Amino acid sequence: MKRLLALPTEALAKVGYVSLIFITFLTSASGQGWEANPAVVERLSKSRSEFNYYESKVPKYLLPSVLANSKGAEIAKPEEWTKVRRGEVLEMFRENVFGRIPETPYSKTFTVVNEDRNAMGGAATLKQIDISINSDGKELKIRLTMFVPNNVKKPVPLFLLIDNRGPANTDPTRQTKSEFWPAEDVVARGYGIAVFYNSDVDPDNFDDFKNGIHGVLDRGERKPDSWGTLSAWAWGASRCMDYFETDKDVDKKKVAVLGHSRGGKTALWAGAEDQRFSLVISNESGAGGAALARRRLGETVARINTSFPHWFCLNYRKYNNNEDAMPFDMHMLLGLIAPRALYVACADEDLWGDPKGSYISLVNALPVYNLLKTKSVLPEIMPPLNTPVIGGKVGFHVRDGGHNLLLKDWNWYMDFANQVWK
Ligand code: GTR
């Protein structure tokens with residue numbers, strides 16, 4: 001088990017991180033928290049021998065401080081974060097990881113194409129909305145599907161899923177049901193639930209950015225910081241939020257954005273770019289999401305940029321096999337969600353997504369929460385398997401089993417929402 005300690009500047013100066021004030025230094029300690037199952041470590045190591053799954057082989061690393069400003073000074077006042085530092089960190093992620101959204105003007109319309117007040121046997125109202133984006137004669141349509149519980153006070157808090165698994169998981173007729181989007185269970189707890197299909201916004205393959213929203217909004221040559229596909233999906237989540245702002249059934253102060261895996265990375269970026277989301281949920285987001293890149297456990301920066309060349313901006317490739325040169329790490333992406341609610345979840349057998357690296361990342365985002373006076377504390381030792389931990393505005397769990405989004409995860413998210421939205 002690891003402990004988290006902060007060390008002062010001198011140590012950083014030695015390795016050239018002169019502008020950084022605090023680091024996280026990992027030392028050994030013992031505890032009762034979650035540890036990777038050695039049999040799973042063995043199995044995964046055999047199947048992907050070029051990647052590291054052993055905790056003992058995680059290299060030593062230094063984390064940049066989320067609270068040090070560009071001149072190296074540690075900020076101490078909430079307004080220094082909200083007025084200066086937050087913008088600097090956001091820019092770092094735009095410039096180096098997800099890319100910048102183009103400023104091309106567009107128009108937008110919402111069309112309710114179907115409304116059924118008697119869905120789910122009368123328990124909910126189904127609404128299907130086409131969000132149409134138009135620019136220079138080109139059009140993109142995002143199909144938003146949502147259920148709002150009928151027998152509760154309006155407006156309702158709502159969960160928006162970024163669906164990366166296809167419409168089969170989100171059947172509006174409810175003939176096919178899936179734990180990935182458990183609409184009946186969410187409605188039964190008094191929440192609204194919504195979904196859009198990520199490929200409506202941008203197809204999930206390398207098409208040289210010709211299709212989807214890139215085909216509609218991109219102009220001229222691509223630049224090293226032009227937006228990638230994850231950024232496009234996050235932008236799509238914001239267009240759904242635009243719609244919620246017009247729907248009297250939805251409590252716009254209580255909208256959660258949630259995604260699994262590549263959708264989890266996207267949910268984090270959507271929450272960073274768009275502060276209207278008051279709760280952000282990252283389900284097994286791993287590399288390019290909640291997991292610290294510097295640990296190089298499971299999926300690495302080089303691997304993700306190679307397997308998925310369309311996900312990030314070109315600049316992210318500067319950090320292929322070069323993680324220690326990053327002026328940021330993923331704890332700083334999590335810090336961008338503060339002071340809003342944030343839940344990070346992992347799965348026991350999903351070591352590709354580095355559960356421990358995701359927890360350490362979350363712990364290292366907490367200085368922002370505490371600076372912003374939203375007291376949020378997590379134990380240094382990871383919580384045991386299937387034991388959610390909530391510390392103020394942040395939550396975390398490691399669920400048993402493999403890489404998936406299940407009802408068990410959703411139930412813990414709703415428990416968390418009950419607390420942070422009460
Ligand atoms: C994997 C990828 C992960 C994760 C996952 C998913 O192949 O390496 O980063 O995004 O796909 O989205 O299911």
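The values are calculated or read from the model by the stated rules, or taken from the named source; none is laboratory data. All values derive from a computational prediction rather than experimental measurement. No Cβ is skipped: glycine too gets one built from the backbone with ideal geometry, and neighbour counts run over all protein chains shown. Surface areas here come from the heavy atoms of the whole protein model, side chains and all, with no ligands, DNA or RNA. Shrake-Rupley method; radii C 1.70, N 1.55, O 1.52, S 1.80 Å.
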Accessible solvent surface per residue of the chain, calculated while the other protein chains remain in place, 1.4 angstrom probe, Å²: 39 Å²
Of all DSSP beta bridges with both partners in segment 124-251, the antiparallel percent, nearest 5, is 70 percent
DSSP-defined antiparallel bridges as percent of all bridges, segment 289-422, nearest 5: 35 percent
Taking a cut-off of 23 Å, what percent of all Cα-Cα pairs in segment 211-305 are separated by more than that? 34 percent
Counting only DSSP beta bridges fully inside the chain, the antiparallel percentage to nearest 5 is 55 percent
When the chain is treated as a GNM, springs tying every alpha-carbon pair under 10 Å, which of D247, D163, D354 comes out with the largest mean-square fluctuation? D247
How high is the FRET efficiency between V113 and E74 when r is their beta carbon distance and R₀ equals 45 Å, given to the nearest 0.05? 0.30
Selected from A73, A194, A36 as most flexible by GNM, with the chain as the system and alpha-carbon contacts under 10 Å: A73
Length added when fully stretched, K375-E103, from 0.36 nm per residue minus Cα-Cα: 94.3 nm
So if R0 is 35 Å, what FRET efficiency would L314 and D415 give, r being the distance between their Cβ atoms, rounded to the nearest 0.05? 0.30
Largest-first ranking of R85, R165 by accessible area, probe 1.4 Å, whole protein assembly kept, is R165, R85
Here, A325 and R48, labelled 7 Å along Cα→Cβ, have an inter-label distance in nm of 2.4 nm
Can you give the translational diffusion coefficient of segment 257-398 in µm²/s, computed by Stokes-Einstein from the Kirkwood radius over Cα pairs at 4 °C and 1.567 mPa s? 87 µm²/s
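Viscosity 0.692 mPa s, temperature 37 °C: give me the Stokes-Einstein translational D for segment 54-154 in µm²/s, with Rh taken as the Kirkwood radius over C-alpha pairs.
For the chosen part, D equals 173 µm²/s.
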Distance between segment 223-291 and segment 307-335 - C-alpha centres, whole angstrom: 18 Å
Take the chain, connect every pair of alpha-carbon atoms lying under 10 Å apart with a spring to form a Gaussian network, then pick out the residue of G401, G220, G259 with the largest mean-square fluctuation. G220
Label-point separation, S56 to R174 (7 Å along Cα→Cβ), nm: 5.3 nm
Quick tally, 1.4 Å probe accessible area for T109, T229, sorted with the most first, runs T109, T229
Can you give the accessible area of Y319, probe radius 1.4 Å, in Å² rounded to 10? 20 Å²
Would you mind estimating how fast the chain diffuses translationally, via Stokes-Einstein at 10 °C and 1.306 mPa s with the Kirkwood radius over Cα pairs, in µm²/s? 73 µm²/s
Sorting R174, R303 by accessible area (1.4 Å probe), largest first, what list results? R303, R174
Quick numbers on segment 348-411, Rg and Dmax over C-alpha atoms in Å, give 12.5, 36
If one compares the long axis through the Cα atoms of helix 38-47 with the longest principal axis of the Cα atoms of the chain, the angle in degrees, nearest 10, works out at 80 degrees
What's the percent breakdown of Cα-Cα distances in segment 102-161 across 10 Å bins, shortest bin first? 20, 39, 25, 13, 2
